[in-house]
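The values are calculated or read from the model by the stated rules, or taken from the named source; none is laboratory data. Small disclaimer: the values here were computed from a predicted structure and weren't measured. Every residue, glycine among them, receives a Cβ derived from its backbone with ideal geometry; neighbour counts consider all protein chains shown.
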Amino acid sequence: MQKISEYFGLETRSDCIWFYGFYTVASVLLLINMLIAHVL
């Protein structure tokens with residue numbers, strides 16, 4: 001985990017929250033899109 005943070009230059013806590021929050025939202029939206037496409 002530390003190596004990932006160093007690689008992306010996430011030194012501060014807010015950077016980490018923004019970074020992981022962004023990817024969490026993106027993956028959730030992607031999942032919803034896939035579900036809708038599958039159902040319809």
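Candidates are the residues of region 4-40 that are among the β-branched types (Val, Ile, Thr) and modelled with pLDDT of 80 or more; the one that is surrounded by the fewest Cβ atoms within 10 Å (Cβ to Cβ) is Val39.
Pairing each residue of region 10-23 that is part of a helix (DSSP H, G or I) with any residue that is among the hydroxyl-bearing types (Ser, Thr, Tyr) and surrounded by 13 or more Cβ atoms within 10 Å (Cβ to Cβ), provided the two are 6+ apart or on different chains, yields C-beta distances under 9 Å for Asp15/Ser5; Cys16/Ser5; Phe19/Ser5.
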